[in-house]
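Everything below concerns the one structure shown next.
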Amino acid sequence: MAEPSGGTDSDSTFVRGMAIFSAVVTAALYLLGLVAVGLAVSESGGADSTPMDQCRYTSHRPDGAQVLDHEVRLLPLHVMCRTADGQAFTAAVVPSWLNPALAASFASTVAFTAGACVQAHRRAAARHGRGETPQARPTTDRVPDA
């Protein structure tokens, strides 16, 4: 059935579905990044494990720099390695495509969610304009007649 605002129920269902799908993809990508970072950090235990291998043997390491420590950052997902002279560089723990894909997925989640909210607001306004009343809700807080 066509709505007065020009859209259809299937349009709003599609937008809501895409919002949910985008949110699931965003959560899955972030979880993938957390697993990658978690595995890299958990492997840095035992003999000869400080600093972690990903900081010592990465191509991003400055020549002759002595790596002292690492720091995990959650937004954007990456492991930052620190050298004795104060320099910092990123270890190649998280795939290079993950953070841009995560940002795009999050942006689409926000856009589809906003679209679904706008459509819901328009549907409610159209119902109100046609004189339809909201469905009566049962109340449980009635005061008994004395």
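What the table shows:
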quantity	calculated
Single match in Ala120, Ala104, Ala125 (criterion: at pLDDT 90 or above and either over 30 Å from Val41 (Cα atoms) or surrounded by 12 or more Cβ atoms within 10 Å (Cβ to Cβ) (or both))	Ala104
Single residue of the range 80-100 satisfying the filter (hydrophobic (A, V, I, L, M, F, W, C) and out of contact with any helix residue (DSSP H, G or I) (no Cβ under 6 Å at 6 or more places or on another chain)) that is nearest to Ser22 (Cα to Cα)	Trp97
Residue pairs meeting the criteria (Cβ under 6 Å; at least 6 apart or on separate chains; first closer than 12 Å to Arg122 by Cβ, in the range 1-26; second at pLDDT 90 or above and of a type in the set (Phe, Trp, Tyr))	Val15/Phe112
Candidate set from the range 37-55 (those that are exposed (fewer than 15 other Cβ atoms within 10 Å of the Cβ) and within 30 Å of the chain's Cα centre (by Cα)); member that is modelled with the lowest pLDDT	Gly45
Residues (surrounded by 12 or more Cβ atoms within 10 Å (Cβ to Cβ), over 11 Å from the mean Cα position of the chain (by Cα) and closer than 28 Å to Val24 by Cα) located in the range 78-101	His78, Val79, Met80, Thr90, Ala91, Ala92, Val93, Val94, Pro95, Leu98
Check on Ser12, surrounded by 16 or more Cβ atoms within 10 Å (Cβ to Cβ), within 22 Å of Leu75 (Cβ to Cβ) and modelled with pLDDT of 80 or more	no
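The values are calculated or read from the model by the stated rules, or taken from the named source; none is laboratory data. None of these values were measured; they are calculated from a predicted model. We place every Cβ from the backbone using ideal geometry, glycine too, and count neighbours over all the protein chains shown.
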